[in-house]
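Here the structure comes first, spelled out in C-alpha cells, and everything after it is commentary.
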Amino acid sequence: MNWFVDVVKKYAVFNGRARRQEYWMYTLIYMVIAIVLSVVDLAVLGTNILVPILTVALFLPSLGVTIRRLHDTGRSGWWVFISIVPLVGLIVMLVFLCADSKDANKYGPNPKFAPAHV
C-alpha cells in the first residue's frame with residue numbers, strides 16, 4: 001500500500017524516475033480499488049458512478065507515475081501520447097512500461113540503487 005500512497009503524495013510530480021515496481025504496484029492497487037468500487041457500486045447503489053470518480057481523482061497521479069516510468073526507461077514523457085494510437089499505441093506503451101531501467105540518464109540516477117521500501 002506504501003507504493004500507492006507514495007504515488008498519490010507525488011500527484012503532480014512529472015520529473016524524476018519511477019521504477020517498474022513502483023509503477024506496477026500502483027497499477028495493481030488502483031485496479032483492485034476500482035474493482036471493489038465497481039462491485040460495491042453495482043451491488044449497493046445500483047449505479048456506475050464511483051469508478052469514474054476514482055478515475056478523475058487519480059488522473060494526475062496516474063499520469064505522473066507513467067511519465068516518471070517513461071523517464072526511467074530513457075524516454076521523454078511525451079511518449080505517453082503514443083497510447084492514443086489504436087491498438088499499436090497501447091502495445092508500444094506496454095512494452096515501454098515493462099522495459100528495464102536505464103543507467104543514470106538526464107532524468108536522474110537509477111532508482112534501483114536507492115534504498116527499498118520497508
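Taking the conditions exactly as written (in a loop (DSSP other than H, G, I, E, B), of a type in the set (Lys, Arg) and in contact with a helix residue (DSSP H, G or I) (Cβ under 7 Å, 6 or more places away or on another chain)), does residue 69 satisfy them or not? The answer is no for residue 69.
Yes/no matrix, rows are residues, columns are (1) within 26 Å of residue 112 (Cα to Cα); (2) at pLDDT below 95:
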{"position": "15", "(1), (2)": "yes, yes"}
{"position": "32", "(1), (2)": "yes, no"}
{"position": "40", "(1), (2)": "no, yes"}
{"position": "63", "(1), (2)": "yes, no"}
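Just one of (1) closer than 25 Å to residue 5 by Cα; (2) without any contact (Cβ under 8 Å) to a residue 24 or more places away in the chain; (3) surrounded by 12 or more Cβ atoms within 10 Å (Cβ to Cβ) fails for residue 61. It is (2). When residue 114 is tested against (1) touching a Leu at 6+ places or on another chain (Cβ under 9 Å); (2) free of Cβ contacts under 8 Å to residues at least 40 places away in the same chain; (3) of a type in the set (A, V, I, L, M), only condition (1) is not met. Restricting attention to the range 65-118, the residues that are in contact with a Gly (Cβ under 6 Å, 6 or more places away or on another chain) and of a type outside the set (Lys, Arg) total 6. Could you tell me whether residue 47 is outside any helix (DSSP H, G or I) and of a type in the set (Ser, Thr, Tyr)? Spelling it out, residue 47 is indeed outside any helix (DSSP H, G or I) and of a type in the set (Ser, Thr, Tyr). Please verify whether residue 112 is surrounded by 12 or more Cβ atoms within 10 Å (Cβ to Cβ), at pLDDT below 95, outside any helix (DSSP H, G or I) and among the charged types (D, E, K, R), treating the condition exactly as stated. Answer is no for this residue. The number of residues in the range 1-35 being over 30 Å from residue 102 (Cα atoms) and surrounded by fewer than 13 Cβ atoms within 10 Å (Cβ to Cβ) comes to 1.
Could you say whether any residue in the range 73-89 is surrounded by fewer than 16 Cβ atoms within 10 Å (Cβ to Cβ), at pLDDT below 90 and assigned to a helix (DSSP H, G or I)? So far as the range 73-89 goes, no, none of its residues is surrounded by fewer than 16 Cβ atoms within 10 Å (Cβ to Cβ), at pLDDT below 90 and assigned to a helix (DSSP H, G or I).
The values are calculated or read from the model by the stated rules, or taken from the named source; none is laboratory data. This structure is a prediction, so every number in the text was calculated from the model and none was measured. We place every Cβ from the backbone using ideal geometry, glycine too, and count neighbours over all the protein chains shown.
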